[in-house]
Amino acid sequence: MAQHSFDSVEALKAFVGQPPVQGEAIEVDQAMIDTFAGVTQDRQWIHVDPARAAVESPFKTTIAHGLLTLSLITGWYHRCFAFPNRKMALNYGFDKVRFTSPVPCGSRLVGSFQLAKVEDIRPGEARCFWTVKVQAEGAERPAMVADWLMQVRY
């Protein structure tokens with residue numbers, strides 16, 4: 001997959017409204033879910049107990065934490081985009097995050113990014129508004145949708 005490269009605020013502005021850029025699929029397996037559960041101390045059975053989930057869960061398997069799904073976007077972002085000449089980048093946060101569909105263990109997720117808006121902060125610095133979707137391959141609807149803000153300085 002070729003990276004889209006932005007060497008200036010002007011290059012980012014020129015990319016606003018272009019079709020979404022899609023990352024490569026990532027499989028969410030039980031080892032990944034368990035590792036995330038350990039880091040976050042969120043060991044709810046729906047995530048970490050495959051035997052119980054097979055019997056009691058409507059999904060018949062464990063599901064990934066919503067925040068695990070959200071955390072995967074940074075990896076896709078760095079693989080999809082390059083920022084030569086950038087002096088600094090800050091994760092400015094989210095205006096909206098919704099977990100719209102469960103992610104059953106074994107799902108292959110794909111993240112996509114569309115640059116919706118770029119706002120000037122000062123010369124050479126801008127806030128970028130990304131529309132992000134994460135969807136399991138073959139799923140009818142996204143597992144997560146978000147409006148993500150990144151600040152960049154050139």
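Table for the structure above
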{"quantity": "Flag for R43 being in contact with a Phe, Trp or Tyr (Cβ under 6 Å, 6 or more places away or on another chain) and without any contact (Cβ under 8 Å) to a residue 24 or more places away in the chain", "calculated": "no"}
{"quantity": "Count of residues meeting criterion [over 16 Å from M150 (Cβ atoms), touching a strand residue (DSSP E or B) at 6+ places or on another chain (Cβ under 9 Å) and not aliphatic (A, V, I, L, M)] in the range 19-45", "calculated": "4"}
{"quantity": "Residue satisfying condition, being under 30 Å from E125 (Cβ atoms) and among the β-branched types (V, I, T), within set I46, I73", "calculated": "I73"}
{"quantity": "Hits in the range 89-146 - residues which are farther than 30 Å from A11 by Cβ and touching a Pro at 6+ places or on another chain (Cβ under 6 Å)", "calculated": "T100"}
{"quantity": "Selected residue (criterion: nearest to D147 (Cα to Cα)) from residues of the range 105-136 that are touching a Cys at 6+ places or on another chain (Cβ under 7 Å) and not aromatic (F, W, Y)", "calculated": "L115"}
{"quantity": "Residue, surrounded by the fewest Cβ atoms within 10 Å (Cβ to Cβ), within the range 1-50, restricted to residues that are of a type in the set (G, A, S) and over 30 Å from P104 (Cα atoms)", "calculated": "G17"}
{"quantity": "Residue in the range 37-56 that is at pLDDT 95 or above, charged (D, E, K, R), under 16 Å from A136 (Cβ atoms) and over 19 Å from the mean Cα position of the chain (by Cα) present", "calculated": "no"}
{"quantity": "Residue under evaluation P58, criteria (1) out of contact with any Ser or Thr (no Cβ under 8 Å at 6 or more places or on another chain); (2) surrounded by 14 or more Cβ atoms within 10 Å (Cβ to Cβ); (3) farther than 17 Å from V152 by Cα, criterion not met", "calculated": "(2)"}
{"quantity": "Within the range 116-143, tally of residues that are of a type in the set (A, V, I, L, M) and closer than 14 Å to W76 by Cα", "calculated": "2"}
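The values are calculated or read from the model by the stated rules, or taken from the named source; none is laboratory data. This structure is a prediction, so every number in the text was calculated from the model and none was measured. Glycine gets a Cβ as well: all are built from the backbone with ideal geometry, and neighbour counts include every protein chain shown.
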